[in-house]
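Notes follow once the structure below has been shown.
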Amino acid sequence: MPTYQSKNTGGTPTTRASELLTAALAHADADVDKAASNTSTSSRGSLRAILHEAHALVTGTEPYLEQNTSDLIVPSAHPVARVQVHAAWNDLLEVTQRTDWVALKDEGKTRFELGAGMCSGPYEAVVLQNLALLQRTRSVLEIGTFTGTATLAFALLPSVEKVVALDIEPYLAELVTPYWQRAGTAQKIDFKIAPALESLADLSKQQHAPFDLVFIDADKPSYKAYVQAVLDGGLLSENGVILADNTMYKGFPWATPGAHEQQATTGATVAEDDFAQGNRTNNRSKSEATTGIADFNTYVREHSDLETVMLPIRDGITIIRRKL
């Protein structure tokens, strides 16, 4: 399996810890050369050894998971050859990574500033496929599509008859549709470009058949509103599940970054990369996104009609279903 996510991650608790340990090691190595240190050479050497071991443990976790997970599932009966599907898949991952998303925002081609870290990479895509297979999913509603890697993964499954994918960026349809076509999945995908709450309201008004699986990977402050719209709009089947991505959100809900972390891991000053500073993404700021996720987690956990379980997969995936 390609190590796409380990090379270009949107950030998870594990990768954040790895960055912190990398910074700590740099400081520890520098301190070793300081003759004025009051710490003994033996103690400093022990500190370095402990940090190196912790760093190796944390940094190696996600690559190890990727290495021991199967490649994207392509059924033998799929009309497009497996090698061609994988070629389209890898090209989609590549274009996601090499696209200059900042320039697209500057040029007015996207409403918000997107980023390759928003992508569901190879490991998570296979996780999502397996969850959909366990659910015997026939219909998928995806809220937040980006470059459509999860969309493609779902649509490959023989049980899946339709994927309704929602996003607000018209540019994405132009970018990703050719890859869906190459993979032989485009005919299963209905890509709706509009604010997600508007699309959800339209689906409900049209009395669209409820979905077996709803996957949410969009702007974090709106997660609660999306679940409410799905439930109130009759868009979740009786035994359907909702999968919400990024519900651990880099660990920020329980461990807010300090100034030292922002400087050590980004090289920026606090003024340049403040946790509460607004940005050009649809999350508005890391602080607002964190609050949105924390509020959402509390909402679904305390909802009288729902059961939830949060899985420490990548940046957290929460499975939500109606109580039995």
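Among residues that are in contact with a Cys (Cβ under 7 Å, 6 or more places away or on another chain), more than 14 Å from F211 (Cβ to Cβ) and of a type in the set (S, T, Y), T147 is included.
For (1) outside any helix (DSSP H, G or I); (2) acidic (D, E); (3) within 19 Å of the chain's Cα centre (by Cα); (4) more than 30 Å from H27 (Cα to Cα), each residue gets a yes or a no:
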| position | (1), (2), (3), (4) |
| --- | --- |
| T61 | no, no, yes, no |
| L65 | no, no, yes, no |
| D71 | yes, yes, yes, yes |
| A77 | yes, no, no, yes |
| A87 | no, no, no, yes |
| L92 | no, no, yes, yes |
| V95 | no, no, yes, yes |
| E113 | yes, yes, yes, yes |
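Close contacts from segment 82-97, counting a first residue that is assigned by TED's automatic domain parsing to the domain that holds F154 and a second that is assigned to a helix (DSSP H, G or I) and of a type in the set (G, A, S), with Cβ to Cβ under 6 Å and a gap of 6+ residues or different chains, come to T96/A116; Q97/A116. For segment 133-158, enumerate the residues that are surrounded by 21 or more Cβ atoms within 10 Å (Cβ to Cβ), touching a Leu at 6+ places or on another chain (Cβ under 9 Å) and of a type in the set (A, V, I, L, M). Of everything in segment 133-158, those that are surrounded by 21 or more Cβ atoms within 10 Å (Cβ to Cβ), touching a Leu at 6+ places or on another chain (Cβ under 9 Å) and of a type in the set (A, V, I, L, M) turn out to be V140, L141, I143, A150, L152, A153, L156, L157. Close Cβ contacts (under 8 Å, 6 or more residues apart or on different chains) running from residues in segment 110-128 that are farther than 18 Å from P170 by Cβ to residues that are surrounded by fewer than 23 Cβ atoms within 10 Å (Cβ to Cβ) and among the acidic types (D, E) comprise P122/E66; P122/D71; Y123/E62; Y123/E66; V126/D71. Inclusion of T59 among residues that are in contact (Cβ under 8 Å) with a residue 24 or more places away in the chain, over 22 Å from T151 (Cβ atoms) and either in contact with a Ser or Thr (Cβ under 7 Å, 6 or more places away or on another chain) or outside the structural domain of I313 (by TED's automatic domain parsing) (or both) is warranted. Within segment 207-224, not a single residue is free of Cβ contacts under 8 Å to residues at least 60 places away in the same chain, of a type in the set (A, V, I, L, M) and over 28 Å from A77 (Cβ atoms).
Restricting attention to segment 254-263, does a residue exist that is modelled with pLDDT under 95, of a type in the set (V, I, T) and outside any strand (DSSP E or B)? Yes, the conditions are met somewhere in segment 254-263. Of S37, S6, all but one fail to be modelled with pLDDT under 80, surrounded by 14 or more Cβ atoms within 10 Å (Cβ to Cβ), among the polar types (S, T, N, Q) and in contact with a helix residue (DSSP H, G or I) (Cβ under 7 Å, 6 or more places away or on another chain); the exception is S6. The listed residues are E161, E238, and the only one of them that is surrounded by fewer than 24 Cβ atoms within 10 Å (Cβ to Cβ) and without any contact (Cβ under 8 Å) to a residue 40 or more places away in the chain turns out to be E161.
The values are calculated or read from the model by the stated rules, or taken from the named source; none is laboratory data. The model shown is predicted, which means the values in this text are computed figures rather than measured ones. Methodologically, a virtual Cβ is constructed for each residue, glycine included, from the backbone with ideal geometry; neighbour enumeration extends over all protein chains shown.
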